[in-house]
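Read through the structure below, which is laid out as structure tokens, and then see the notes.
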Amino acid sequence: MIIESKPIIICIVGPSGSGKTTMARFLEKALDIPMLVSYTTRPKRPNEIDGVDHRFVTEDQMPSRDKMLAYTKFGNYHYWMPLEEVEDKGICTYVIDEKGLLELAENFSDDYNLFSILVKRDTDKLIAQVGKERVKRDLERVSIPEAEYCTVIANNDRIEDFLADSYKLIKNFLE
């Protein structure tokens, strides 16, 4: 149930290569819903842009946990979202992992309307896109049963269909 006075965070979850970020960027362009960009201590990859893909910082720049909306650690690297990033937004999207979503729901469900979306993709298509090791790593992470998400969307065929379905899904949610 949406409570009008609370900001909305559309939480987009799914394995690497499923289309989470593509969906969030599309919603930003199509519906003017800003996308939160997480912070990380991991090094920037050659194809990444600071402030677009992540905000790349050092551990010294990490705020205390009480100033974070969500936090997770993969290997030796930290990922988080500062609370101040979402304070002035009425609605936004947030590409987040299952662990972060659970933490967000546990700590902030009284403060925000959380709309969780699981983006599913055929395993063979994921392996072709991101590789077997990355798919295996994703399967070993914390898992939330499908039934616990607000909705599930598939990204198995044409990207145009996936984005059209995403648009309809969010338009219906907001009406």
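The values are calculated or read from the model by the stated rules, or taken from the named source; none is laboratory data. Here the structure is a predicted model, which means the values were calculated and not measured. Heads up, the Cβs are rebuilt from the backbone with ideal geometry, glycines too, and the neighbour counts pull from every protein chain shown.
Listed values, structure above:
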item	result
Failed item, numbered, when Ala164 is tested on (1) more than 18 Å from the chain's Cα centre (by Cα); (2) farther than 24 Å from Ile8 by Cα; (3) surrounded by 11 or more Cβ atoms within 10 Å (Cβ to Cβ)	(2)
Residue tally, condition surrounded by 11 or more Cβ atoms within 10 Å (Cβ to Cβ), in contact with a Leu (Cβ under 7 Å, 6 or more places away or on another chain) and in a helix (DSSP H, G or I), over the range 121-161	1
Test: Pro7 is surrounded by 18 or more Cβ atoms within 10 Å (Cβ to Cβ), closer than 25 Å to Asn107 by Cβ and modelled with pLDDT under 95	no
Members of the range 14-42 that are of a type in the set (A, V, I, L, M) and outside any loop (DSSP other than H, G, I, E, B)	Met23, Ala24, Leu27, Ala30, Leu31, Met35
Subset of the range 77-112 (residues that are in a helix (DSSP H, G or I) and touching a helix residue (DSSP H, G or I) at 6+ places or on another chain (Cβ under 8 Å))	Leu83, Glu84
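This table checks each residue for (1) assigned by TED's automatic domain parsing to the domain that holds Leu139; (2) hydrophobic (A, V, I, L, M, F, W, C).
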{"residue": "Glu59", "(1), (2)": "no, no"}
{"residue": "Lys67", "(1), (2)": "no, no"}
{"residue": "Asn76", "(1), (2)": "no, no"}
{"residue": "Trp80", "(1), (2)": "no, yes"}
{"residue": "Glu98", "(1), (2)": "yes, no"}
{"residue": "Leu101", "(1), (2)": "yes, yes"}
{"residue": "Phe108", "(1), (2)": "yes, yes"}
{"residue": "Asp111", "(1), (2)": "yes, no"}
